[in-house]
Amino acid sequence: MDRTTRTMPIAKALNESLRKALDDDPKVLVMGEDVGKLGGVFRITDGLQKDFGESRVIDTPLAESGIIGTAIGLALRGYRPVTEIQFDGFVFPAYDQIVTQLAKMHARALGKIKLPVVIRIPYGGGIGAVEHHSESPEALFAHVAGLKIVSPSNANDAYWMLQQAIQCDDPVIFFEPKRRYWDKGEVDVAAVPGDLHKAVVARPGTDLTLAAYGPMVKVCLEAAAVAAEEGRSLEVVDLRSLSPIDFDTVQASVERTGRLVVVHEAPVFYGAGGEIAARITERSFYHLEAPVLRVGGFHAPYPPARLEEEYLPGLDRVLDAVDRALAF
Amino acid sequence: MSVKSTAVGGSPAKSRAASRGRSKNRSGDGPEFVQLLTPEGERVEHSEYAVDLTPQELRGLYRDMVLTRRFDGEAVTLQRQGELGLWASLLGQEAAQIGSGRATRHDDYVFPTYREHGVAWTRDVDPLNLLGMFRGVNNGGWDPNENNFHLYTIVIGSQTLHATGYAMGVAKDGADSAVLAYFGDGASSQGDVAEAFTFAAVYNAPVVFFCQNNQWAISEPTERQSRVPIYQRAAGYGFPGVRVDGNDVLAVLAVTRAALDHARSGQGPMLVEAFTYRMGAHTTTDDPTRYRSDEEREEWAGKDPIARLKAYLDREGLADEAFYAEVGAESDALAKRVREGVRGMPDPEPMAIFEHAYADGHALVDEERARFAEYQASFEDTTAGTGR
């Protein structure tokens, strides 16, 4: 391991990434509830206010629409605000500002102004939380033109994709897989990153493609390992970006394997899986040996924590879908 | 803690001013307001707010209001003729808009609603720019930074947060500019306006919230929005609020100038409620006869902002027939330019749908653009092929 590579959890990688962004560009601001002295409820902004001051790492009033609305104003003044929404289920007071203002203002001005605002949202379940702390609302944003949506699955991506999101001149919603915050991985702070919106093959295989993002990449990698013991070779594609989606990489994988299962925590109904299934069917109809299958949440409110293990797609539900796809 | 220090540091002088202003009520109904020119065109003094304008400046305000009204009337006509899809008339609110707009400095920044045609005029925004969205050729389209005049915002109250954020940035930059955020009596019920007040207060942002209370949010009267006069809400957030006669261009100018100076000098936000009246419909699709009386409108017609300034100019001998004729001619020329400009405004090309969806590009937009271009081109081929 060379000295530019260090092992750290995703949470630390995000912290280091924010620190670097604040260091590199005086226009970068961090703002949100409890991001200052506390360092955020997940400590992602730990120590940043101490080092960069209250003017750049801003504890905001407890008002999500206000956070995004004032971030828009700061962006219009030339700043690059990186906002934090404390939990997925708390983003909705800001939904109007995000959808009607942030997403559309660049087009409204016929390109004459830019809105480089990042919205960090810890999302997904698996931490035994109370209601509104475990949701996956990404499809509700991906449906809106003007926004870009990304979600890293590992520490290196967490570090680099956040850098790239902050440098992007469009608004980016950065969904952080909260139950993976403490998963460690190698971060190479010197490696030149690829395209923010490019999907990657996280594990090559020949029999079937599993496409996932954020917290479900780990589940899919585990599923592929188990399947390998049974003599099945599964390819895992980490989508990384949900708007845009790198369909080329998914298509290339599917045309090698002939089968596709899309996995996400978000409800299947109207979810990313449906969009991917439709597009890949259109692109790769004659390569498909089976219909594209989806594994995800149900069309029911996210359940209380004691039921979330049943609700969240785990190893068995993924392998069940793999079996069904291979049975065609 | 911050709210407290804002209140202590910033508000006492203006709070006293506001309460003294109320004691000078001349409207005879409802809470008192700051007035420097009566509906009859009589100049009166106020203990806290004053203006000292040259005859030329006074004539300038008259000219601004007449041209703005003419532009507005022309736009209504163009809508009736089918040249515009919609128009939101400012008729009756000329003093509130010209007075406040003329109070801004070049480096100040304005965040309008969709009715601030008079304010746009004071910021040197080409009136034709305002008409694009109402004709349906764009959704705004002007460069906000050219005149420090943000795009029209249609969703009610959203812009007050943008203004507050912008003002937070001004303060971070150490600039002494101020930001002027427009909104209406209906918007005062929006959560975003409440959040804007909160953020502005706790960060002591240099923003002036300028509420044109034109008495009607489409069909709902102000009593449906608030149980207290709107300017009094500021007190709950820890900054001063003041009500001004919104049909008195001199009072609006004086109060807005003071409020902007207050913000500029680091004393934080201020709320100005311009008490005025929407003489026309909410927009050209609205029918005010369904919800308000002719008597009410007639009563407000007697407080007309232009008539009262003209009465003052005439009383003091500050303008002659040649001046009025000149303004009349200028007004005709503006109307002609607007008419011709709108009629000559081209429809955007179909491919404009995809332009500017993103600043840094987006693969799906690229794909859909290419497919749609191909689809469009297929018609050209068909036409050529049939030799039609």
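Any read-out appearing in this document is the output of simple, stated calculations on the displayed coordinates, not a laboratory observation. Since the model is a prediction, treat every value here as computed from it, not as a measurement. Glycine also receives a Cβ, built like all others from the backbone with ideal geometry; neighbour counts cover every protein chain displayed.
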### Message
Restricting to region A:92-107, name every residue that is within 8 Å of chain B (Cβ to nearest Cβ) and either of a type outside the set (K, R) or surrounded by 24 or more Cβ atoms within 10 Å (Cβ to Cβ) (or both).
### Response
A:P93, A:D96, A:Q97, A:T100, A:Q101, A:M105, A:H106, A:A107
### Query
Among (1) within 14 Å of another protein chain (Cβ to nearest Cβ); (2) in contact (Cβ under 8 Å) with a residue 24 or more places away in the chain, where does A:R120 come up short?
(1)
### Task
Evaluate the following for B:Y203: is it in contact (Cβ under 8 Å) with a residue 60 or more places away in the chain, more than 8 Å from chain A (Cβ to nearest Cβ), among the aromatic types (F, W, Y) and over 20 Å from B:V252 (Cβ atoms)?
yes
### Query
Of all residues in region B:226-283, which are of a type in the set (G, A, S) and part of a loop (DSSP other than H, G, I, E, B)?
B:S226, B:G238, B:G246, B:G268, B:G280, B:A281
### Query
Restricting attention to region B:143-169, and to residues there that are crowded, with 24+ Cβ neighbours inside 10 Å and among the hydrophobic types (A, V, I, L, M, F, W, C), which single residue is farthest from the other protein chains (Cβ to nearest Cβ)?
B:F149
### Task
Can you confirm whether region B:291-310 contains a residue that is assigned to a helix (DSSP H, G or I) and touching a Lys or Arg at 6+ places or on another chain (Cβ under 8 Å)?
yes
### Task
Residues being under 26 Å from A:I68 (Cβ atoms), touching a helix residue (DSSP H, G or I) at 6+ places or on another chain (Cβ under 8 Å) and part of a helix (DSSP H, G or I): count how many of those fall in region B:121-146.
1
### Query
Of the residues A:G73, A:G78, which is facing chain B (nearest Cβ under 10 Å), of a type in the set (G, A, S), part of a helix (DSSP H, G or I) and under 17 Å from A:V30 (Cβ atoms)?
A:G73
### Query
Out of region A:123-149, which residues are among the small types (G, A, S) and within 14 Å of chain B (Cβ to nearest Cβ)?
A:A142, A:A145, A:G146
### Message
If a residue must be surrounded by 16 or more Cβ atoms within 10 Å (Cβ to Cβ) and either under 22 Å from the mean Cα position of the chain (by Cα) or under 22 Å from A:N15 (Cα atoms) (or both), how many such residues does region A:207-243 contain?
### Response
24
#### Entry: Qualifying residue in region B:326-348 (condition: among the charged types (D, E, K, R), within 14 Å of another protein chain (Cβ to nearest Cβ) and not in a helix (DSSP H, G or I))
no
### Set A:P204, A:P152: member being buried (at least 19 other Cβ atoms within 10 Å of the Cβ), more than 13 Å from chain B (Cβ to nearest Cβ) and not small (G, A, S)
A:P152
